[in-house]
Amino acid sequence: MHSWLSPLSNSMKFGVKPTQLALSAVIIFIPILILQSFYLKFRTEQKIKQWEKSSQLRKEESKESYQSLLDRQNVVSDNQTQKEAETKKIRPLTSTYNLHILLIKPSSLPDSAFFPLLNALQHSSSKYSNINAISDFLDEEAIKYESPEYKLNVILHTKSITLKDITKVGDIAIPWEKDTFGISNLQDEFEEVLQTEFPYFKEKDLVVFLYFDNAYEAGIDDSRFYEYKKFRSFADDDRGRAYVNVFSFSSSFASYLNEIILHESLHLFGATDKYLEDKYGCTEKGLGDIDKDPIYPQDKTDIMCGLVAKSAEDFSRTYLSDEKLVINPITAKEIGWKQD
């Protein structure tokens, strides 16, 4: 009768003990396991190297795309010919516009999370925290240039909109792992929101998307972005859209948020950035008083920079509530408030 014990019985007939068989098996399999371990380690190292290389490529692509966006924002430059300037679509701030402010959030974030901030924007008695600070600032600055009649209707839509595909903190503020620069897909999603939720918007209407994502405060590793960039806000003047990352949900953030909205919204009317990308500081075009003699120290700064120059190398950050932000003649000319 054949039995599963037969091999064991046969081995005992030839004087081979079970322990010797087990030892032989161990001796045979140990090299195999070692080789397998080395192979797995090799494969893991290869995958890590591939991932690091891919991450570096994405980072470089992000930088190139971001620089491309900055270049588009700064297309009106000293070296640009009159013909080139005429071909660029200019939207001067010299007539009536509606500026819609929409609230966009990831599905994991409850509305209650940003209620303190929203309440400050709607009801704060502070001159700078209330959403009216945007039009108040522009009205005060426009007087200096005796600018043509203009009106900017700032409309805050308080009902938040959830992007179902955005599920966790960082998916909006750090989107560039999903596609090159991570902007085009989000822009398309935001445009779909407009078509489905706000079909009554006019073609001339401008939109600021406030996307709630506190990745900055959540301590997410920012090495995937630039060393000096902690969050992302940007404008697309061709589309008439601005995208502002709301990285803090407290009521105390409202004043700073109004400043960011002002800065990004002015891009939609032709204003260019006047801060330095490679270091902390402003270009000379970003000084508050470009005609001051001696030029330093300055006591104000243009809204498109936000840094007060104590000297050519020494700058200090200022905010809307400090009342040191202005629209200087260069920015005024860019947005159509000044001719010469």
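Since every read-out is calculated from the coordinates, none of them should be taken as a lab result. Remember, predicted model here, so these are calculated numbers, not experimental data. Neighbour counts are summed over all protein chains in view; Cβ atoms, including those assigned to glycine, are modelled from backbone coordinates with ideal geometry.
Pairs of Cα atoms nearer than 8 Å and 6+ residues apart set the relative contact order; for the stretch 228-283 it is 32 percent.
Over 27 Å apart at the Cα level, from the set LYS144/LYS279; LYS300/LYS338; LYS159/LYS333, are LYS144/LYS279; LYS159/LYS333.
In nm, what is the difference between 0.36 nm times the number of residues separating LYS202 and SER311 and their Cα-Cα distance? Numbers along the way, then the final one.
Working: separation 109, 0.36 × 109 = 39.24 nm, distance 4.56 nm.
34.7 nm is the gain from fully extending LYS202 to SER311.
The distance between label points at SER112 and GLN36 comes to 5.2 nm (points 7 Å beyond Cα on the Cα→Cβ vector). For the stretch 274-340, averaging the sequence separation of C-alpha pairs within contact (under 8 Å, six or more residues apart) and dividing by the residue count gives a relative contact order of 27 percent.
Computed on the stretch 274-340, the Cα convex hull volume stands at 80 Å³ per residue. At q = 0.16, 0.23 Å⁻¹, what log₁₀ I(q)/I(0) does the stretch 241-311 have when each alpha carbon counts as one equal point scatterer in the Debye sum? Taking Cα atoms of the stretch 241-311 as identical point scatterers yields -0.64, -1.04. For the peptides 197-209, 298-310, 121-133, 31-43, the ranking by packing is 298-310, 121-133, 197-209, 31-43, with the highest mean count of neighbouring Cβ atoms within 10 Å listed first.
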